[in-house]
Amino acid sequence: MELFQLRAGEDFIRLGQVLKAAGMAETGAEAKEVIQDGLVMVNGETETRRGRKLHSGDVVLYDGKELRIG
């Protein structure tokens, strides 16, 4: 499992942003597509909202990769 560290002063990051920033999606458009297709899970549940706010401790799973928000 990889750790994605929130920037200092940030309380959350949106799901679409973290997929792109962590290299799990090449572009924002790709991130939007895989989220809308139901291919991304957050905390064990399928998530279809790319604007979903992720907070410290949340776990994202996509394409066999697991990412914990820190």
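The values are calculated or read from the model by the stated rules, or taken from the named source; none is laboratory data. Being a predicted model, the structure only gives us computed values, none of them experimental. Quick reminder, even Gly has a Cβ in these numbers, built from the backbone with ideal geometry, and neighbours come from all protein chains shown. Note: accessible area is taken over every heavy atom of the protein model, side chains too, but ligands, DNA and RNA are not part of it. Shrake-Rupley method; radii C 1.70, N 1.55, O 1.52, S 1.80 Å.
Considering only protein heavy atoms and a 1.4 Å probe, what is the carbon-and-sulfur percentage of the accessible area of the chain? Show your work: numbers first, answer last.
Numbers: 1880 of 4400 Å².
About 43 percent, which is the carbon plus sulfur part of the accessible surface.
So for the pair residue 27, residue 5, with labels modelled 7 Å out along Cα→Cβ, what separation do we get in nm?
Between residue 27 and residue 5, the simple spin-label model gives 3.1 nm.
Roughly what % of DSSP beta bridges within the chain run antiparallel, to the nearest 5? Don't jump to the answer; show the numbers that get you there.
Working: 10 of 13 bridges.
Percent antiparallel among DSSP bridges in the chain is about 75.
Rounded to the nearest whole Å², what accessible area per residue is found for the chain with the 1.4 Å probe?
Accessible area per residue, the chain: 63 Å².
Among 1-10, 17-26, 35-44, how do they line up by average Cβ neighbours within 10 Å per residue, starting with the highest? Please report the intermediate quantities before stating the final value.
Working: 1-10: 9.8, 17-26: 17.7, 35-44: 14.6.
Descending mean neighbour count gives 17-26, 35-44, 1-10.
From the C-alpha gyration tensor of the chain, pull out the three semi-axes of the equivalent ellipsoid (sqrt of 5λ each), sorted largest to smallest, in whole Å.
Numbers: eigenvalues 58, 31, 25 Å².
Rounded to whole Å, the semi-axes are 17, 12, 11.
Using a simple spin-label model with points 7 Å from Cα along the Cα→Cβ vector, what separation in nm is obtained for residue 12 and residue 45?
Output for this residue pair reads 1.4 nm.
Given 0.36 nm per residue, what is the gain on full extension from residue 68 to residue 36 after removing their alpha carbon distance, in nm?
Values: separation 32, 0.36 × 32 = 11.52 nm, distance 2.07 nm.
So the chain would gain 9.4 nm between residue 68 and residue 36.
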